[in-house]
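The values are calculated or read from the model by the stated rules, or taken from the named source; none is laboratory data. Just so we're clear, the structure is a prediction, and the values are computed from it rather than from any experiment. For neighbour counting, all protein chains shown are included, and Cβ atoms are generated from backbone atoms with ideal geometry for every residue, glycine included.
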Amino acid sequence: MNNIAYLQVRLGDYAQAYELHFESLKLARELGHVPYQVDAMIWLGHECSKLGRTEQGVAYAREALALAGREGMRLLESAAATTLSELLLDDGQAEEADKILERNMSLIVDTGDQEGLSEALTVWGRVQRRLGQLPQAEQSLQEAVRLCRAICYPTQEAAALLELALVAEEVGNLRGALDLTREHHELKTKLHTEDIQRRTQALTLQLRTDELRHNAEVARLRNEELAEMNLMLRQTEAELMYQVSHDHLTALMNRSRLRERLTALLSQDQLPLGMILINLDQFKEINERYGQSCGDLVLIEVAQRLLHQVGPEDLVGRVSGDEFLVILPKIGGGPELDACAERLLEALRRPYRIENYLLEVTASMGTALAPEDGLDADELTKRVDLAMSHAKVADHAKIQRYTVELGEAEKERRRLEEELRVAIAAGELTLHYQPQFRLPHQQLSGCEALVRWHNPRRGLISPATFIPLAEESALIVDLGYWVMERACRQALEWDFVGRNLGMSVNVSAHQFEQPDFVERVRTILHTTGFPGEHLILELTESLVLRDISQAQRHVNDLHTHAIRIAIDDFGTGYSSLNMLAQLPFEHLKIDRSFVRDLTAQEAYAEPSRARVLMRGITGLAHSLQLKVIAEGVETDEQLSLLQELGCDKVQGYLLGRPVPPEEAAVWLERVQA
């Protein structure tokens, strides 16, 4: 409805646009959709002004400004402030308009909306001229003109130039006023000419299309069947060629077409040749939060920005859902490749104005250069992909150049991956167990099973090293079930059922996403004879949120078999209260970073804030009938604070380190005694 109303505004039918926006406002209020309410009221303010109902327009704009401010919608709040100021000026209330703009200008600047800022500066210049503040008006309007030129906003530039001419006339600078008027006239003429050219081109294209249709009809009449078949064949060939070589959304070349072109360029000695592989960071969150249609618009905008930053001989393609590849033939060398990557990264960092949202998108980039990094298309592609992967996990560097060291490190990772594959089959992996205690009396409530790997050649290998390798290679699935089965058997041996203790086991994302996950867990319980009510599966927030519908099915199925679920590392990702309320979790496991901050002495730490957060989390969890477990407890002070803040269970080096089964059996007997 808003889109139709906007078309009516473009056609000059403000009465019809008003009716449509009024209906849109009513519908948005019924649905409780605040952004659409604010947007509709801003447009209603404009339309009331055009229809001679300025006072009513001012009322709409005031309401929009107040609502946007209450809801913290900064972009819409800035737009409402500009609209209200313009309407007040038209209503003869220039002083109030000036106050509103002065009060909101910092907000307008902070939104990063350059078009909105240019509009606000133009209106402020008008207000200042009306108040006789001619130097200030001149400064505002000159800044508006400069900004419009920087962002290519000619329609607003024309408005600012016209107002600037009036300022020049009032200060007695008639020559300047004449120059500005002439510049305004030339710009308006240019805009008008461009509009006529577009219309003329459309008409020419229509005439050309009609001519082609006529010629096709003549050919059809000569030999109807042959002409029709020939036309269909050519159209089908063209469509198929395009479909197999281009991405349907962005119209960029796809992976296979880029590979063909890359192979050809390398064979034609178009060297040095640079490659930049671009991956959009956390793009999945955009699809999840704003919808796939919004994500598609972001991808289209990314494609356009990349095309605008490269030369006519360079190639740009979309090689996967959120990855783009840029190929730069005959580039000057490494420094020029680095500069190009920086330029692309900067272009992608600019905010994206999509529908009613102002989005920020970051990217990670890998670069490679031929012939230094290879002359084979597949080898270069692998190396630029490796560089991009390193950039993606790096703390600061968002651009990573391929190096020999990266290649050697990757080979070492693959060797270690193969050794891990052998280790799983050969039984080199073992489980250690860390106790968990119930507060306030520090009664043993169970333990967590943690996998360890002692490599015969390398010695003890950290889980932080081999677990990511297992996840990348899908070995984590078999490893996860092995850990679960071994932990269940050990719990039976230690009589966890008779002692009323729980065994906690971590579940990886790959393992949880398997369609037969619940069935595999049931099989382990059946094979080992371990009761489900004594098994606690720890899932991370990010794992559950990757596919909330699948997570809901799995968690509900597990719950029907009395298996308990704990949310692990709570607070480190994108926390969803809706997820906690909807799914039958029983435990909330607080990440060790929260526990550390409770007593941290570093300058950046805020212990009081951490305690408020911890108290809030425990209160929320208890209101949802969840038990709170804190991990990483290392000091008596932390333990005392956690007990004071309402934590139910604790785990950490203070009370017990992860130890092998034979040591765990000793402290198990001692603690139970």
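To keep it simple, each residue is scored yes or no on (1) closer than 30 Å to V127 by Cβ; (2) touching a Cys at 6+ places or on another chain (Cβ under 9 Å); (3) aliphatic (A, V, I, L, M); (4) at pLDDT below 80.
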{"position": "V167", "(1), (2), (3), (4)": "yes, no, yes, no"}
{"position": "K190", "(1), (2), (3), (4)": "yes, no, no, no"}
{"position": "E194", "(1), (2), (3), (4)": "no, no, no, no"}
{"position": "A219", "(1), (2), (3), (4)": "no, no, yes, yes"}
{"position": "E224", "(1), (2), (3), (4)": "no, no, no, yes"}
{"position": "A227", "(1), (2), (3), (4)": "no, no, yes, yes"}
{"position": "L233", "(1), (2), (3), (4)": "no, no, yes, yes"}
{"position": "A238", "(1), (2), (3), (4)": "no, no, yes, yes"}
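Can you tell me which residue in the stretch 346-376 is surrounded by the fewest Cβ atoms within 10 Å (Cβ to Cβ), limited to those that are free of Cβ contacts under 8 Å to residues at least 60 places away in the same chain and not in a loop (DSSP other than H, G, I, E, B)?
Step by step, filter the stretch 346-376, then rank; the result is E346.
So that you can scan it fast, the table gives a plain yes or no per residue for (1) touching a helix residue (DSSP H, G or I) at 6+ places or on another chain (Cβ under 6 Å); (2) loosely packed, with under 15 Cβ neighbours inside 10 Å; (3) at pLDDT below 95; (4) polar (S, T, N, Q):
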residue	(1), (2), (3), (4)
T618	no, no, yes, yes
L626	no, no, yes, no
D636	no, yes, yes, no
V666	no, yes, yes, no
R670	no, yes, yes, no
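Residue-by-condition table, conditions (1) surrounded by fewer than 24 Cβ atoms within 10 Å (Cβ to Cβ); (2) hydrophobic (A, V, I, L, M, F, W, C); (3) modelled with pLDDT under 90; (4) not assigned by TED's automatic domain parsing to the domain that holds Y357:
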residue	(1), (2), (3), (4)
G32	yes, no, yes, yes
C48	yes, yes, no, yes
L51	yes, yes, yes, yes
E63	yes, no, no, yes
G69	yes, no, yes, yes
G72	yes, no, yes, yes
L75	yes, yes, yes, yes
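Can you confirm whether E417 is modelled with pLDDT under 90, under 18 Å from R458 (Cα atoms) and either among the basic types (K, R) or surrounded by 12 or more Cβ atoms within 10 Å (Cβ to Cβ) (or both)?
yes
Could you list, ordered by first residue, the pairs with Cβ atoms under 9 Å in which the first is in the stretch 85-107 and assigned to a helix (DSSP H, G or I) and the second is surrounded by 23 or more Cβ atoms within 10 Å (Cβ to Cβ) and modelled with pLDDT under 85, at least 6 apart or interchain?
Note: pairs meeting the criteria are L101/I108.
Residue under question is E355, and the condition is that it be in contact with a Cys (Cβ under 9 Å, 6 or more places away or on another chain) and at pLDDT below 95; does it hold?
Values: in contact with a Cys (Cβ under 9 Å, 6 or more places away or on another chain): yes; at pLDDT below 95: yes.
In short, yes.
Check off (1) on the phi > 0 side of the Ramachandran plot; (2) in contact (Cβ under 8 Å) with a residue 60 or more places away in the chain; (3) of a type outside the set (V, I, T) for L271 and give me the number that stays unchecked.
For L271, the failing item is (1).
Quickly run through the stretch 271-308 and pick out the residues that are touching an Asp or Glu at 6+ places or on another chain (Cβ under 9 Å), surrounded by fewer than 20 Cβ atoms within 10 Å (Cβ to Cβ) and under 19 Å from G333 (Cβ atoms).
Of everything in the stretch 271-308, just one residue is touching an Asp or Glu at 6+ places or on another chain (Cβ under 9 Å), surrounded by fewer than 20 Cβ atoms within 10 Å (Cβ to Cβ) and under 19 Å from G333 (Cβ atoms), namely P272.
Given L191, L252, L212, L258, which one is farther than 29 Å from H390 by Cα and in contact (Cβ under 8 Å) with a residue 24 or more places away in the chain?
L191
Kindly evaluate R457 against the criterion of being in the same structural domain as L645 (by TED's automatic domain parsing), within 37 Å of the chain's Cα centre (by Cα) and basic (K, R).
Criteria not met by R457.
Quick one: is R289 of a type outside the set (D, E) and more than 30 Å from R74 (Cα to Cα)?
Criteria not met by R289.
Here are some conditions: (1) in the same structural domain as V123 (by TED's automatic domain parsing); (2) surrounded by 14 or more Cβ atoms within 10 Å (Cβ to Cβ). C152 meets all but one. Which one does it not meet?
(2)
Can you name the residue in the stretch 381-412 that is of a type in the set (G, A, S) and farther than 9 Å from G366 by Cα and, of all such residues, is surrounded by the most Cβ atoms within 10 Å (Cβ to Cβ)?
G407
Report yes if some residue within the stretch 39-53 is of a type in the set (G, A, S), over 37 Å from the mean Cα position of the chain (by Cα) and closer than 22 Å to L20 by Cβ; otherwise report no. Outline the logic, then answer.
Start the filter on the stretch 39-53 by keeping residues that are of a type in the set (G, A, S), which leaves 40, 45, 49, 52.
If we keep only those that are over 37 Å from the mean Cα position of the chain (by Cα) too, we end up with 49, 52.
Right, trim to closer than 22 Å to L20 by Cβ and you get 49, 52.
Looking through the stretch 39-53, at least one residue is of a type in the set (G, A, S), over 37 Å from the mean Cα position of the chain (by Cα) and closer than 22 Å to L20 by Cβ.
Can you pull out the residues in the stretch 503-518 that are more than 34 Å from the chain's Cα centre (by Cα) and at pLDDT below 95?
none
Determine if the stretch 646-656 includes at least one residue that is under 26 Å from P584 (Cα atoms), without any contact (Cβ under 8 Å) to a residue 60 or more places away in the chain, part of a loop (DSSP other than H, G, I, E, B) and not charged (D, E, K, R).
yes
Report whether or not I565 is at pLDDT 90 or above, over 21 Å from V633 (Cβ atoms) and not in a helix (DSSP H, G or I).
Working: at pLDDT 90 or above: yes; over 21 Å from V633 (Cβ atoms): yes; not in a helix (DSSP H, G or I): yes.
Yes, satisfied.
Please find, among V316, V302, V298, V326, the residue that is in contact with a Phe, Trp or Tyr (Cβ under 8 Å, 6 or more places away or on another chain), within 20 Å of A370 (Cβ to Cβ) and either part of a helix (DSSP H, G or I) or outside the structural domain of V109 (by TED's automatic domain parsing) (or both). It would help to see each step written out before you state the result.
Numbers: V302 fails: within 20 Å of A370 (Cβ to Cβ); V298 fails: within 20 Å of A370 (Cβ to Cβ); V326 fails: in contact with a Phe, Trp or Tyr (Cβ under 8 Å, 6 or more places away or on another chain).
Within the list V316, V302, V298, V326, the selection yields V316.
Quick check on the stretch 492-507. Is at least one of its residues within 15 Å of F585 (Cβ to Cβ) and either assigned to a helix (DSSP H, G or I) or not polar (S, T, N, Q) (or both)?
So far as the stretch 492-507 goes, yes, one or more of its residues are within 15 Å of F585 (Cβ to Cβ) and either assigned to a helix (DSSP H, G or I) or not polar (S, T, N, Q) (or both).
Out of all the residues in the stretch 108-146, which are of a type in the set (A, V, I, L, M, F, W, C) and part of a loop (DSSP other than H, G, I, E, B)?
Scanning the stretch 108-146 gives a single hit, L131.
From G125, G116, which residue is small (G, A, S), within 37 Å of the chain's Cα centre (by Cα), outside the structural domain of L359 (by TED's automatic domain parsing) and more than 19 Å from V58 (Cβ to Cβ)?
On the way: G125 fails: within 37 Å of the chain's Cα centre (by Cα).
Only one candidate passes the filter, namely G116.
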